[in-house]
Amino acid sequence: MFYDRERELEKFKEVYSFPGSSFLVIYGRRRVGKTALVKEFLSDKLGLYFFVGEKDEALLLEEYSREIEEKISRYLPSYLKPKFGSLEELVGFLLDFSRERKLVVVFDEFQNFRTVKPSFFSSLQRLWDEKKETSNLMLIAVGSYVGMIKRIFMDRKEPLFGRVDELVKLRPFDFWTSFDFVRSQVSVPPRDFVELYSALGGMPRYLLYVPRYYKGGSLGALWGLFFDEFAPLREEGLNVLKLEFGRFYRAHFSILEAVSLGYVTPKEISDKTGMKLLTVGKYLSELTNHFEYLKREVPVTENPLKTRKVIYRISDEFFNFWFRFVYHNYTALEEDPERVFERFRAEFPAFVGKTYKRIAVDFVRGLDLGFEPERVGRWWYRGEEIDVVAYDRKNVLLFEVKWKDLSLRDARKVLKSLERKAELLPLKGDYQFGVIARELEGKEELGEEGFLAFDLNDVIRPRPLSPSP
Ligand SMILES: Nc1ncnc2c1ncn2[C@@H]1O[C@H](COP(=O)(O)OP(=O)(O)OP(=O)(O)O)[C@@H](O)[C@H]1O
Ligand SMILES: [Mg+2]
C-alpha cells in the first residue's frame, strides 16, 4: 500500500493543474521511492509510464508503443496504429496528442538516454521549445543518479538547461513517518525502532525488510540484513554508489568511509586517507554540493557562511551506517562475519546515541517552545558539546540527549553539567534547561522544577495510523 508523500503529490497536482505544458524533474538516490511515487500520481490520470532501460532505441520504442496502445489508443482513430521510427517521432506525437487533452508522460531513469541515444537531449529540447506552447503535456523525468541528473538539467552547456519548471528532490521518510510505515506492517517497540532506523534510515525499500527480518530484536535483524553471508544489504552501498561516482569511486568511498568513522574536518580526513588537503577539499565540495551525500555542519551559534568551524557528516542514515560498519570491515566480513558482528555490537550503542541526538534536534524543532527559535541545532567548542540548542534574541533553550535510561538522580547530574557548559555559550537571554533520555524517571518532578524533561515516549509522539488515502 502506498504511504505518505503528501507534500510531493500536492506539488505534482498543482503543476498538473497549470494550463499548457510543464516539465518536472524528480531526482533522489536509488531506492528512495521515486518510481512508486510517480506510479501513484499516474494512477488516476491519463498518462504513460516509460522506463528508459539501457537497450537499443528500437527495442525501447517497441515497448513504448505497447504502452501507448494500451493507455491511449481509444482516443486515436482506429486506422492509426502507433508506430515510431525514432524517439523524436514518439515525443513529437505525444506533444501533438496532448493538444486535445492533458497527458502525463513519465520517463523513468531518464539519465539512461545518455547511453541509449546521447543526441536525444538536444532533439527533446528542440521539440519542447517548438511545441510546448500549443500542447498540454506534463513531462516528468525521473532520475536516480543525482550527479548526472543535475548535470543534464542544471549545467549551462547542456541542451536541457533552463527547460525545467520544477526540480523536486525526493528524500527519505523522516523518523516519524518511517515508524508509522513500519508499524503499519509489524509491531516493533520504539526502542528497537530507533536502532533499526539508525541503520536503515527512512528508506521505504529497506524498511520493507523489517517485517521479514525482525523477530523480536533489532540486533538479530541487523545481523540478517547486513552481516550474514546472504545479507541483502551487505553490497547495497556499493551497488548504489559505484555508478553514481563512476571511475573515481574509490576516492569518494575513502572520504565517505573516513567521515563515517568520525574524521570530520578536511585536515582529519586528509590525515586519515593520505590524500592531499587540496584534493580532499575538492572531493568534499563535490560530495556536498554536487552529489549531496555529505552535509556541512557548523556550531549553531556560528554564521555558516563565515565560520571556519565546519565539519562534515554523511546526510543519509543508511550510508552512514553502511560505511561505518560494513564497508570499513569488508575484508574481515568475508573471513569472519561473527567476529565483525561482535565488534559491531560493542560499538553500536554509541552510534545509536548519535542518531538519537539528530532525531532529538528534529523533535525540538517540532515542539511548541513558547517562542519561535531563530535556529535549532548542535553546538560544540573544543571538547565541549551541547546536543540541542534552540534560541532567539531573548530565549536560550539547551538540551542534553542521552540514549540511556536515566534515574531522577542521573537526570539531575546531567542537568547540572549542562548548566556548567552553558557558561561557554556566546548567547544572551533567559536560559532554560532540559534533558531528552531514552527513558526518564521523575519527569513530572523535573517539570515542576522548571526543567524540560522528555523521553522516547514523548519523542515518538504516538500519531494516528492513517496512511494517505
Ligand atoms: N510511499 C511509499 N509507500 C509504500 N511503499 C513505497 C513507497 N515508496 C517506495 N515504496 C516501496 O519501496 C521500494 C522502492 O521504491 P521505488 O522502486 O519506487 O524506488 P526508486 O527510487 O524508484 O528506486 P530505484 O532507484 O531502485 O529505481 C518499492 O518496493 C516500493 O514499493
Ligand atoms: Mg525506480
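The values are calculated or read from the model by the stated rules, or taken from the named source; none is laboratory data. Bear in mind the structure is a predicted one, so any value in this text is a computation, not a measurement. Cβ coordinates were reconstructed from backbone atoms using ideal geometry, including for glycine residues, and neighbour counts include every protein chain displayed. Protein only, heavy atoms only, side chains kept; ligands, DNA and RNA dropped before computing areas. Shrake-Rupley method; radii C 1.70, N 1.55, O 1.52, S 1.80 Å.
Tabulated values for the structure
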| read-out | value |
| --- | --- |
| Radius 10 Å from Cβ of R191, net charge of other residues (Lys, Arg +1; Asp, Glu -1) | -3 |
| The chain - mean residue ellipticity at 222 nm from DSSP helices (-39,500 (n - 2.57) per run, n ≥ 4, rounded to 500) | -13000 deg cm²/dmol |
| Positive-pole candidate from G147, L48, L90, dipole of the range 6-169, charges at beta carbon | G147 |
| Convex hull volume of the chain per residue (C-alpha atoms, cubic angstrom) | 180 Å³ |
| Two-site FRET efficiency, S123 against L80, from Cβ-Cβ distance with R₀ of 30 Å, rounded to 0.05 | 0.85 |
| Residue-wise HN-Hα coupling along the range 10-24, computed from phi with Karplus coefficients 6.51, -1.76, 1.60 (Hz; x: Gly, Pro) | 4, 4, 4, 4, 4, 4, 4, 6, 5, x, x, 9, 8, 10, 10 |
| Alpha carbon convex hull of the range 292-418, volume per residue in cubic angstrom | 154 Å³ |
| Cα-based Rg / Dmax (Å) for the range 234-366 | 15.6, 47 |
| Calculated log₁₀ intensity ratio I(q)/I(0) where the Debye formula runs over C-alpha points of the range 188-237, q = 0.14, 0.17, 0.21, 0.26 Å⁻¹ | -0.29, -0.43, -0.66, -1.03 |
| Three principal axis lengths of the range 6-169 [C-alpha, angstrom, descending] | 44, 34, 30 |
| Whole-angstrom Cα spans of the range 366-459 along principal axes, big to small | 32, 30, 21 |
| Set K13/K394; K39/K83; K276/K428 screened for pairs whose C-alpha atoms are more than 30 Å apart | K13/K394; K276/K428 |
| Sequence-distant residues sharing a close amide H with F51 (under 5 Å, placed H) | D108 |
| Accessible area expressed per residue, the range 236-315, with surrounding protein chains retained (probe 1.4 Å, Å²) | 52 Å² |
| Amide H partners (placed H, <5 Å) of D228, local residues excluded | none |
| Label-point gap, in nm, between R382 and K71 - each point 7 angstrom along Cα→Cβ | 6.3 nm |
| Fraction of accessible area attributable to carbon and sulfur, the range 366-459 (%, probe 1.4 Å) | 44 percent |
| Solvent-accessible surface (1.4 angstrom probe) belonging to H290, in square angstrom, nearest 10 | 50 Å² |
| Under-5 Å amide H pairs with D455, H placed in peptide plane, nonlocal only | A437 |
| Separation in nanometres of the label points that stand 7 Å from Cα toward Cβ, at S187 and R308 | 5.7 nm |
| Separation of the D44 and N289 label points, Cα + 7 Å toward Cβ, nm | 4.3 nm |
| Sulfur and carbon atoms: percent of accessible area, the range 6-169 [1.4 Å] | 48 percent |
| Alpha-carbon centroids, the range 263-335 and the range 405-431: separation in whole Å | 30 Å |
| Isotropically averaged projected area of the range 262-339, using the convex hull of Cα atoms (one quarter of hull area), nm² | 6.5 nm² |
| Contour minus Cα-Cα distance for D174 and D336 (0.36 nm per residue) | 54.9 nm |
| Residues in the range 25-60 that a label on T115 would reach, taking backbone N under 15 Å of a point 7 Å out along Cα→Cβ | 52-57, 60 |
| Accessible area in square angstrom per residue, the range 6-169, 1.4 angstrom probe | 47 Å² |
| Mean Cβ count within 10 Å, highest first, over the residues of peptides 431-438, 308-315, 35-42 | 431-438, 35-42, 308-315 |
| Two-site FRET efficiency, R345 against L427, from Cβ-Cβ distance with R₀ of 60 Å, rounded to 0.05 | 0.95 |
| Exposure of T331 as accessible area (Å², to 10), given a probe of 1.4 Å and all protein chains | 100 Å² |
